[in-house]
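Accompanying notes for the structure given below.
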Amino acid sequence: MGHRVVTIGRQYGSGGKEVGEKLAAKLGIPCYDWHLIQMAAERGGFDLERVTEMDEKAASPWSYGGAGTAVDFFSYSGNMNDQLQRLQADIIRELAAKEDCVIVGRCADSVLKGECLSAFIYATDNARIKRLRNKYGLSEKEAVQRMKGIDKKRAAYYNYYSDKTWGEKESYDIMLSSSDLGIDACVDILAELYEKM
């Protein structure tokens, strides 16, 4: 591979995105998360708003072509979720070949197949609910619903597009509890591992 890449899977509300951003800042390398959606939309000629709705969602038999795509419905090969995943996978491989970086989500660990340090950030439900309530001003019920819904979506996406199981220890090089360790300790541990790659 030639470049050091850290991939981060995460439970919703665990602070995994924050870990990725802080890790990248500490190491002086880029962090890719939302950027991958923008890059894939641009490369595929897709409407960004439409692509955003499909972010980290597994394919559905009802998601073929249609309005908002750059390709005619009848000539479209595969559904938009599959096409988006393929575009993102290509971009992830290109980034890994070009530079050291941190990549959050999008099955990056599976795409790079052992050519990265793969981490999964998790936290207790109570810690995640508290974080979501503070960050988004949600009620406890709203936080729980959003947490469960997005975790379910992420698991379905990861399990569909990778050969591993989302959130299972066998799927990652390291799993870190942000509720036990704290965000900064997670960053420090990953930075130390990165330096040893």
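In a fully extended conformation the segment linking Met175 and Thr52 would gain 41.5 nm over its present Cα-Cα distance, using 0.36 nm per residue. With contacts taken as Cα pairs under 8 Å and at least 6 residues apart, region 5-195 reaches a relative contact order of 35 percent. Computed from Cα positions, the angle between helix 125-136 and the longest principal axis of the chain comes to roughly 70 degrees. Label separation (Asn134 vs Ile189): 1.9 nm, computed from points 7 Å beyond Cα along the C-beta direction.
Couplings 3J(HN,Hα) of region 171-184, computed from phi: 8, 9, 6, 8, 10, 10, 8, 5, 6, 8, 8, x, 4, 5 Hz, in residue order, whole Hz [Karplus 6.51 cos²θ - 1.76 cosθ + 1.60, θ = phi - 60°; x for Gly and Pro]. Of the peptides 101-113, 179-191, the order by per-residue mean of other Cβ atoms within 10 Å, starting with the highest, comes out as 101-113, 179-191. Only DSSP H runs of four or more residues enter the estimate; each adds -39500 (n - 2.57), and after division by the residues of the chain the mean residue ellipticity at 222 nm equals -16000 deg cm²/dmol. Among Arg10, Arg146, the order by Cβ neighbours within 10 angstrom, fewest to most, reads Arg146, Arg10. Close amide H pairs (under 5 Å, H built 1.01 Å from N) link Gly9 with Gly105, Ala119, Phe120, Ile121, residues at least 5 positions away or on another chain.
Scalar couplings 3J(HN,Hα) for region 191-197, obtained by applying the Karplus form with A = 6.51, B = -1.76, C = 1.60 to θ = phi - 60°, are 5, 5, 5, 4, 5, 8, 5 Hz; x denotes Gly and Pro.
Close amide H pairs (under 5 Å, H built 1.01 Å from N) link Tyr32 with Val102, Ile103, Val104, residues at least 5 positions away or on another chain. Residue by residue, region 116-123 carries 3J(HN,Hα) couplings of 8, 9, 9, 10, 10, 9, 9, 7 Hz when phi is fed to the Karplus relation 6.51 cos²θ - 1.76 cosθ + 1.60 (θ = phi - 60°); x denotes Gly or Pro.
Each reported figure results from applying straightforward, stated rules to the coordinates on display, with no laboratory input. On a predicted model such as this, the values are computed, not experimentally measured, just so you know. Reconstructed Cβ throughout: ideal geometry from the backbone, glycine too, with neighbour counts over all protein chains shown.
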